[in-house]
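J.: The structure under discussion is supplied below as structure tokens; questions concerning it will follow.
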Amino acid sequence: MSCPICRGAEAPFASATVLRKYAAQYVRCGDCGYVRAADPHWLSEAYSDSAITTLDTGIVARNLDLAERTAALLAWHWPQAGACLDHGAGSGLLVRLLRDRGYDFRWRDPYCANLYARGFEAQPDAHYDLATAFEVIEHLPDPLQMLATLAAEADVLVLSSELLPATRNRPGEWHYYMLDSGQHIGFFSVPALAAAARRLGLQLASDGRWLHVLSRRVPSPRFMRLLRKRRWRHWLLRHRRRATLAWSDQAALQARIDAAAAHDATP
Ligand SMILES: [Zn+2]
């Protein structure tokens, strides 16, 4: 078997029981350190209940945090950014939060009903200045394929996925395997992300834990580490703010509703 990220040779890494019944084998790439479930045949069952697992109690806190980090990245490194995309947007909470911070985010998620950002769907063939894919790559059997698609649509990719710890990184030792949900099947190291970036012709900047940027031009490692600190994020955001889109969004949506009603009323 060869690594789906860097094509290096893989070796057995660990085994575990997924969804309380399936024996899962994990393999690790000897070159980049990417760890994956060797044969995640349980995926359709893992998503049969919902795209969002009931075990994800961190979902709101995480979106608030990611909205701050993304807005700070945009404000300080891509201040002219126009349309942006949230790929794998889930409920649409992040898109709403970033529109509230003045950034024109659109959403896409074929697997989850959108609740908070209807009317701001991504359009096919659109190009984006930046795309986010938060808590996505650890779900995919072939993350490089998704990243290549996204890199063709957007100049800057911002990803969140917890990095494999250096030690105590096997099932039962690290929470991110989420064995009772079965949805997390691939786990990155910094070298694995760097290998993915290289194959796409991009640079990598990572905060070393969770947030990663792939682009031709990336923020400094120091800036990425600063983003982890709430006090710094708030300082960064205080000094470069945009006006909220909440009210112009409401006016635009109202205009669409009025136009549809006028169209329906036309004999
Ligand atoms: Zn590899």
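J.: If a residue has to be crowded, with 18+ Cβ neighbours inside 10 Å and within 16 Å of the ligand (Cβ to nearest atom) to count, how many in region 36-69 make the cut?
T.: Qualifying residue count for the region: 2.
J.: If a residue must be within 14 Å of ILE185 (Cα to Cα) and without any contact (Cβ under 8 Å) to a residue 40 or more places away in the chain, how many such residues does region 36-56 contain?
T.: 4
J.: Looking only at region 122-140, decide whether some residue is of a type in the set (Val, Ile, Thr), more than 15 Å from the chain's Cα centre (by Cα) and open to solvent by 10 Å² or more (accessible area, probe 1.4 Å).
T.: Checked region 122-140: no residue is of a type in the set (Val, Ile, Thr), more than 15 Å from the chain's Cα centre (by Cα) and open to solvent by 10 Å² or more (accessible area, probe 1.4 Å).
J.: May I pose another question? Within region 245-255, can one find any residue that is open to solvent by 60 Å² or more (accessible area, probe 1.4 Å) and either in contact (Cβ under 8 Å) with a residue 40 or more places away in the chain or in contact with a helix residue (DSSP H, G or I) (Cβ under 9 Å, 6 or more places away or on another chain) (or both)?
T.: Looking through region 245-255, none of the residues is open to solvent by 60 Å² or more (accessible area, probe 1.4 Å) and either in contact (Cβ under 8 Å) with a residue 40 or more places away in the chain or in contact with a helix residue (DSSP H, G or I) (Cβ under 9 Å, 6 or more places away or on another chain) (or both).
J.: Only one residue in ARG199, ARG168 is out of contact with any Gly (no Cβ under 7 Å at 6 or more places or on another chain), within 12 Å of the ligand (Cβ to nearest atom) and modelled with pLDDT of 95 or more, so which one is that?
T.: ARG199
J.: Could you grab me the full set of residues in region 20-30 that are in contact (Cβ under 8 Å) with a residue 60 or more places away in the chain and within 16 Å of the ligand (Cβ to nearest atom)?
T.: Scanning region 20-30 gives TYR26, CYS29.
J.: Still on this structure, please answer the following. Would you tally the residues in region 7-48 being within 21 Å of the chain's Cα centre (by Cα) and not hydroxyl-bearing (Ser, Thr, Tyr)?
T.: Qualifying residue count for the region: 8.
J.: Now a separate question. Just to be sure, is GLY33 in contact with a helix residue (DSSP H, G or I) (Cβ under 7 Å, 6 or more places away or on another chain), within 16 Å of the ligand (Cβ to nearest atom) and touching a residue at least 24 places away in the same chain (Cβ under 8 Å)?
T.: Answer is yes for this residue.
J.: What are the residues in region 5-19 that are near the ligand (Cβ under 8 Å from one of its atoms) and farther than 23 Å from GLY172 by Cβ, if any?
T.: Result: ILE5, CYS6, ARG7, GLY8.
The values are calculated or read from the model by the stated rules, or taken from the named source; none is laboratory data. All values derive from a computational prediction rather than experimental measurement. Don't worry about glycine lacking a Cβ; one is built from the backbone with ideal geometry, like all the others, and counts go over all protein chains shown. These accessible areas exclude ligands, DNA and RNA; they are computed on the full protein's heavy atoms, side chains included. Shrake-Rupley method; radii C 1.70, N 1.55, O 1.52, S 1.80 Å.
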